[in-house]
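A quick write-up on the structure given underneath.
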Amino acid sequence: MTRHPMTKQGADRLREELSRLKRVDRPKIIAAIAEARAHGDLKENAEYHAAREQQGFIEGRIQLLESTISHAQIIDVERLNPGEKVVFGATVTLSDEETAEEKIYQIVGDVEADIKHNRIAVSSPISRALIGHEVGEVVVVRAPAGDREYEIVDVKYV
């Protein structure tokens, strides 16, 4: 059975979502289905069908989260101390060699990646280029849009 790496913070976020789905969303949708049933004929009851569809989405998400958490290899980033070397879980500050623009990313598991929150998947081109390198090194990121060079400015494990 394959185990997928995940940060402790990512696992906590998934557990919180799972708890909310089970304790809040599931009971709410069950009540909505019961109310829609009370309105009579189920064939032409749009509220009932919408509530059942929503229930399917919630149950599917619960199953996905339970499976993901049970197959996760949880890595506590705060316990890692590889110095200035980039490894899984690192928060890396990069400087674009072309534009001098700085970007900050955390390297996380594929499931918890969220570019809106600057969390990039360990399997992404940027992560693959960074892992194993140290502060001060320039790395080349091979991406579909072309090669980009970044200097590693800082590495933190928070």
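A few notes on this one:
- Rounded to whole Hz, the Karplus (6.51, -1.76, 1.60) HN-Hα couplings of the range 147-158, x for glycine and proline: 6, 10, 10, 10, 9, 7, 8, 7, 9, 10, 10, 10
- Between amide H atoms placed 1.01 Å from N, distances below 5 Å from Glu97 occur with Glu149, Tyr150, Glu151, all of them 5 or more places distant or on a separate chain.
- Between helix 46-70 and the chain: long-axis angle, C-alpha atoms, 0 to 90°, nearest 10: 40
- Cα-based helix-to-principal-axis angle, 26-38 vs the chain, degrees rounded to 10: 30
- For a label point 7 Å along the Cα-to-beta-carbon line of Val153, residues of the range 120-135 with backbone N under 15 Å: 135
- Charged neighbours of Arg26, selected by a Cβ distance under 12 Å, balance to +3 (K, R count +1; D, E count -1).
- Within a straight-line Cα-Cα reach of under 15 Å, Lys103 can be paired with the following aspartates and glutamates, leaving aside sequence neighbours fewer than 8 residues apart in one chain: Asp114, Glu149, Glu151, Asp154.
- Taking every DSSP beta bridge that has both ends in the chain, the antiparallel portion is near 75%.
- Over 30 Å apart at the Cα level, from the set Lys85/Lys116; Lys116/Lys156; Lys22/Lys116; Lys22/Lys156, are Lys22/Lys156.
- Charge context of Ala145, other residues only, Cβ under 14 angstrom, K/R +1, D/E -1: -2
- For the range 4-14, putting each phi into the Karplus relation 6.51 cos²θ - 1.76 cosθ + 1.60 with θ = phi - 60° gives couplings of 10, x, 8, 6, 4, 5, x, 5, 4, 4, 5 Hz, in residue order, rounded to whole numbers and with x for Gly and Pro.
Computed from the coordinates by the stated procedures, all read-outs in this text should not be read as laboratory data. Computed from a predicted structure; not experimentally measured. Because the Cβ atoms are built from the backbone with ideal geometry, glycine has one as well, and the counts that use them run over all protein chains shown.
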